[in-house]
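Undergrad: Take a look at the following structure, please.
The values are calculated or read from the model by the stated rules, or taken from the named source; none is laboratory data. These figures come from a predicted structure and were not determined experimentally. Here Cβ is always computed from backbone atoms with ideal geometry, including for glycine, and neighbour counts include all displayed protein chains.
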Amino acid sequence: MADNTGRDNRSGVGRRDFLKAAATTPVLGAFGLSLYKKEALDRASREEVLQLGNRPSGTNPNITKRNYKRAASANDTINIGIIGCGGRGKSLMRSAGFWPPDEEAPRGHEGQEKLNLKLTAVCDLFQPSVDWAIKASGGTAKFYPTYQELLEQSDVDAVVIATSDHYHAPVAIAAANAGKHVYVEKCMTKKFEEAFQVREAVKKAGIVFQLGHQNRNSDRYDSAMEVIDKGMLGEVTLIQCYTNRNSRNGAWVYDIPKEHGPKSAPSGPRNVDWDQYVSNTVQRPYDPNRFFRWRCFWDYGTGLSGDLLTHELDVINMVMNLGIPTTAVASGGIYYHKEYTTLMTANGDPLDSDDPVPQGALPRPDVPVMRRDVPDVFQVTYEWPDRNLTVVYNATLSSEHERGQIYLGSEATMDLTNGVDVFADPQSQRYAELIKSGKARLNEPMISYRTVAGKGIEAITSATSQWTISKGLLYTLREGRLVDITYLHIKNWIDHIRDNNTNTMCNIDDGFQEAITAHMGTYAFRLGTRVRWDAENQQIKFDSQPSESAQQVLV
Amino acid sequence: MATEETLNGMLKKYTGAQLFFLTCMRVIIGWHFLYEGYVKVTGEGWSSAGYLNAAPGPFAGIFSTLGHSAWMVGGINIIMSWGLTLIGLALILGLFTRTALVGAAVFLFLFYITNPPWIGVQFMAGEGSYMIVNKNLVEFSAALVLLAFPSGQIWGFDRLFVKQ
């Protein structure tokens, strides 16, 4: 074998040595050249694609709202009160920076800017939730048995309202009248008229209002709005959206605590203020199903329309700047979760509704058999004739198959299932050249934004663009870090309070549109008629006038 | 000069074809690392957080803990992006080849166990079909082969700086 080291030992580093040492260096040149070509091509196709939009950008006013930066440097402590501190209320408090010392900190908390809030007041109708909030506040929060008393306090600047839906409007109106800033959970109101009343009260008081559609903060919508804004999809005629869930918790059959009972009872835990709970709706005797699982009943909740459809319709409204639809038609029913018996173990320990049922399980004597009255399968079709657009929403609470939020346009389709994917339409005229030249492929997105994966490359493997935080409901990406979007939504509200600016991420006009849209779906379903929105007269109209008895269901 | 002789003694055993293909393999792995590093250094919004959080398999808990710490993620992102870039450059140039190969092997081993295609593990799917062996493992083995058969001292800058 030849000595192919060729090392010249006599003269140190010789010319031959240097040439051999640098033998592979030209590869770097080839790398650089390839990189330049690739970047130029990628840049060209992205720009080429973006230029093919048919609209000037900046037509959607919602875009500027998304880039809000706080103006005021003042960072005075803001005193907040929580009204309704059950499941969602606790999540909101955790995102705002309050949790009891024996609980783990929320994910991603350590890197977040502190909001400088003080939790000074709590009102809830279930005593253990009150205790939780006081512990979470570090002992600073005081308990008020009614929201009216809480709103009288001078050490409350702003309130977070996370009650059952039937209290959203009464509390929000009273809070606005008392000059308190309001963060209220969706659906903004339970009733149609209440949407007008809340809007009026909030505008009159000039308070800073935020509706709890936190998923507006997901960064995928920046890209989605850019795509729509530039008109890249051509004419969008149909948008399809959905909710699929398949667990009892997902179908709002929540756990019922072991210790519960109305205050008015002569004995027992007496920890539920049932009388106040039903004071603004149908009077019924105490039923824990109706208190702890309120979303399953029209008396307190807004069903699939107000609860889950609004997540979809609200962001579609933001992305497309649609406003209230002209018509709504709906159908559905209780297909699957017809009846539910709450169980306990043979020892009398409560079982969660999704727990496996052990041998010897028994019905709980303290919880009656539950029969929901809101549908678990629901479909609604909204139309915007002036925009030549239909939006179809459908939901089932007995399947968890993912289907996506899909915008179908004449030139391209945008799918927001895992981020933003824009596919050229096979029959597209505008993208025909790109398709022909191979710069756009039909089975691959022409443009793709990933919420968390950045450019879709995670590690030295190609397996990685696959995962995502599905639907962007919990986390989004800010400067490369996962951030809790509920925190961002609360921060947006607080920043606007400090700046005295009412144009929040989901402001009162967005909230009004959300509530009317949701109620049109609900009314169409419950009254079995097409519901119309008369934008000029700000009125709701029915194609076939429902009888008075039918209209009773809406009270 | 004993070291020199031993080194040369071993190197002498390469045929021209062996040396050529070993160098090719080193440069190709270097190219792969350099580009993966480059897109991470220059890519807006790239983060290892999601990958760590989505890691399946027996070590999922450890990676998820790392992925949920903003501070750890920040450090990992810097190590990943610059580590890959520097290893890539080193392998192409044949400079500090041994160190770069050890680094490459460590990275590849970590990539392998964050998403192991083991039977019964719900690993993240990519292109191709895998059972226990995937491309990370193949590239990991290749890095070990290059450690056992060095070429940087012949065709590479290690020739000038190492063991003179």
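Undergrad: Can you tell me which residue in region B:133-164 is nearest to residue A:23 (Cα to Cα), limited to those that are surrounded by 20 or more Cβ atoms within 10 Å (Cβ to Cβ), away from chain A (no Cβ under 11 Å) and among the aliphatic types (A, V, I, L, M)?
TA: The residue in question is B:146.
Undergrad: Give the residues of region B:93-132 that are among the aliphatic types (A, V, I, L, M), within 8 Å of chain A (Cβ to nearest Cβ) and farther than 24 Å from residue B:61 by Cβ, sorted by residue number.
TA: From region B:93-132, those among the aliphatic types (A, V, I, L, M) are B:93, B:95, B:100-102, B:104-106, B:108, B:110, B:113, B:119, B:121, B:124-125, B:131-132; that's our starting set.
When the remaining residues are screened for being within 8 Å of chain A (Cβ to nearest Cβ), the result is B:93, B:108, B:124-125.
If the condition is that a residue be among the aliphatic types (A, V, I, L, M), within 8 Å of chain A (Cβ to nearest Cβ) and farther than 24 Å from residue B:61 by Cβ, then B:93 is the only one that fits.
Undergrad: For residue A:270, are the conditions met, namely being part of a loop (DSSP other than H, G, I, E, B) and either hydroxyl-bearing (Ser, Thr, Tyr) or without any contact (Cβ under 8 Å) to a residue 60 or more places away in the chain (or both)? Reasoning before the result, please.
TA: Details: part of a loop (DSSP other than H, G, I, E, B): yes; either hydroxyl-bearing (Ser, Thr, Tyr) or without any contact (Cβ under 8 Å) to a residue 60 or more places away in the chain (or both): yes.
So residue A:270 passes the test.
Undergrad: Can I ask one more? Please work out which residue is surrounded by the fewest Cβ atoms within 10 Å (Cβ to Cβ), limiting yourself to region A:214-232 and to residues that are in a loop (DSSP other than H, G, I, E, B) and in contact with a Ser or Thr (Cβ under 7 Å, 6 or more places away or on another chain). Give the steps one after another, and end with the answer.
TA: Of region A:214-232, the ones in a loop (DSSP other than H, G, I, E, B) are A:218-219, A:230-232.
Still in the list and also in contact with a Ser or Thr (Cβ under 7 Å, 6 or more places away or on another chain): A:218-219, A:230.
Values: A:218: 23, A:219: 22, A:230: 19.
Step by step, filter region A:214-232, then rank; the result is A:230.
Undergrad: Let me ask something else. In the list A:159, A:202, A:122, which residue meets the criterion of being touching a helix residue (DSSP H, G or I) at 6+ places or on another chain (Cβ under 6 Å), buried (at least 23 other Cβ atoms within 10 Å of the Cβ), farther than 19 Å from residue A:502 by Cβ and in contact (Cβ under 8 Å) with a residue 40 or more places away in the chain?
TA: A:122
Undergrad: Just give me the residues in region A:92-109 being of a type in the set (Gly, Ala, Ser) and surrounded by fewer than 18 Cβ atoms within 10 Å (Cβ to Cβ), in sequence order.
TA: Keep residues of region A:92-109 that are of a type in the set (Gly, Ala, Ser), which gives A:95-97, A:105, A:108.
Of everything in region A:92-109, just one residue is of a type in the set (Gly, Ala, Ser) and surrounded by fewer than 18 Cβ atoms within 10 Å (Cβ to Cβ), namely A:105.
Undergrad: Further question: Count, please, the residues in region A:442-467 that happen to be assigned to a loop (DSSP other than H, G, I, E, B), modelled with pLDDT under 75 and either crowded, with 22+ Cβ neighbours inside 10 Å or away from chain B (no Cβ under 13 Å) (or both). Give the derivation first.
TA: Kept after step one, since they are assigned to a loop (DSSP other than H, G, I, E, B), are these residues of region A:442-467: A:442-446, A:451-453, A:455-458, A:460, A:467.
With modelled with pLDDT under 75 added as a condition, the list becomes A:451-453, A:455-458, A:460, A:467.
Now restrict to residues that are either crowded, with 22+ Cβ neighbours inside 10 Å or away from chain B (no Cβ under 13 Å) (or both): A:451-453, A:458, A:460.
Selection size over region A:442-467: 5.
Undergrad: Another question, then. Could you grab me the full set of residues in region A:210-232 that are over 17 Å from the mean Cα position of the chain (by Cα) and of a type outside the set (Gly, Ala, Ser)?
TA: Across region A:210-232, the qualifying residues are A:226, A:227, A:228, A:229, A:230, A:232.
Undergrad: Next up: For region A:202-224, name all the residues that are under 16 Å from residue A:446 (Cα atoms) and among the hydrophobic types (A, V, I, L, M, F, W, C).
TA: A:224 - this is the single residue of region A:202-224 that is under 16 Å from residue A:446 (Cα atoms) and among the hydrophobic types (A, V, I, L, M, F, W, C).
Undergrad: Next question. Does residue A:311 satisfy being closer than 30 Å to residue A:219 by Cβ, not β-branched (Val, Ile, Thr) and not in a strand (DSSP E or B)?
TA: Working: closer than 30 Å to residue A:219 by Cβ: yes; not β-branched (Val, Ile, Thr): yes; not in a strand (DSSP E or B): yes.
In short, yes.
Undergrad: Okay, next question. Is there a residue in region B:74-94 that is assigned to a helix (DSSP H, G or I), loosely packed, with under 15 Cβ neighbours inside 10 Å and either in contact (Cβ under 8 Å) with a residue 24 or more places away in the chain or in contact with a His (Cβ under 7 Å, 6 or more places away or on another chain) (or both)?
TA: Filtering region B:74-94 for residues assigned to a helix (DSSP H, G or I) gives B:74-93.
With loosely packed, with under 15 Cβ neighbours inside 10 Å added as a condition, the list becomes B:75, B:78-79, B:82.
Subsequent filtering for residues that are either in contact (Cβ under 8 Å) with a residue 24 or more places away in the chain or in contact with a His (Cβ under 7 Å, 6 or more places away or on another chain) (or both) retains B:82.
Yes: region B:74-94 contains one or more residues that are assigned to a helix (DSSP H, G or I), loosely packed, with under 15 Cβ neighbours inside 10 Å and either in contact (Cβ under 8 Å) with a residue 24 or more places away in the chain or in contact with a His (Cβ under 7 Å, 6 or more places away or on another chain) (or both).
Undergrad: Where in region A:100-202 are there helices (runs of 4 or more DSSP H), lying wholly inside it, with at least 2 residues that are small (Gly, Ala, Ser)? Steps first, please.
TA: Values: elements: A:127-136, A:147-151, A:168-177.
Because the criterion is at least 2 residues that are small (Gly, Ala, Ser), the helices (runs of 4 or more DSSP H) in region A:100-202 that meet it are A:127-136, A:168-177.
Undergrad: Can you tell me how many residues in region A:279-326 are crowded, with 19+ Cβ neighbours inside 10 Å and among the β-branched types (Val, Ile, Thr)?
TA: Residues flagged as crowded, with 19+ Cβ neighbours inside 10 Å and among the β-branched types (Val, Ile, Thr) within region A:279-326 amount to 6.
Undergrad: Would it be correct to say that residue A:301 is more than 30 Å from the chain's Cα centre (by Cα) and assigned to a loop (DSSP other than H, G, I, E, B)?
TA: Working: more than 30 Å from the chain's Cα centre (by Cα): no; assigned to a loop (DSSP other than H, G, I, E, B): yes.
When the stated conditions are applied, residue A:301 does not pass them.
Undergrad: Take residue B:48 and tell me if it is buried (at least 23 other Cβ atoms within 10 Å of the Cβ) and within 9 Å of chain A (Cβ to nearest Cβ). Walk me through how you get there before you give the answer.
TA: Details: buried (at least 23 other Cβ atoms within 10 Å of the Cβ): yes; within 9 Å of chain A (Cβ to nearest Cβ): yes.
Considered against the rule, which asks whether it is buried (at least 23 other Cβ atoms within 10 Å of the Cβ) and within 9 Å of chain A (Cβ to nearest Cβ), residue B:48 comes out as yes.
Undergrad: Evaluate the following for residue B:64: is it surrounded by fewer than 20 Cβ atoms within 10 Å (Cβ to Cβ), more than 8 Å from chain A (Cβ to nearest Cβ), among the small types (Gly, Ala, Ser) and over 16 Å from the mean Cα position of the chain (by Cα)?
TA: Values: surrounded by fewer than 20 Cβ atoms within 10 Å (Cβ to Cβ): yes; more than 8 Å from chain A (Cβ to nearest Cβ): yes; among the small types (Gly, Ala, Ser): yes; over 16 Å from the mean Cα position of the chain (by Cα): yes.
Spelling it out, residue B:64 is indeed surrounded by fewer than 20 Cβ atoms within 10 Å (Cβ to Cβ), more than 8 Å from chain A (Cβ to nearest Cβ), among the small types (Gly, Ala, Ser) and over 16 Å from the mean Cα position of the chain (by Cα).
Undergrad: Now, a different point. Residue by residue through region A:35-70, note down the ones that are within 16 Å of residue A:424 (Cβ to Cβ) and either in a loop (DSSP other than H, G, I, E, B) or modelled with pLDDT of 80 or more (or both).
TA: Selection gives A:52, A:53, A:54.
Undergrad: Does region B:122-134 contain any residue that is assigned to a helix (DSSP H, G or I) and not hydrophobic (A, V, I, L, M, F, W, C)?
TA: No.
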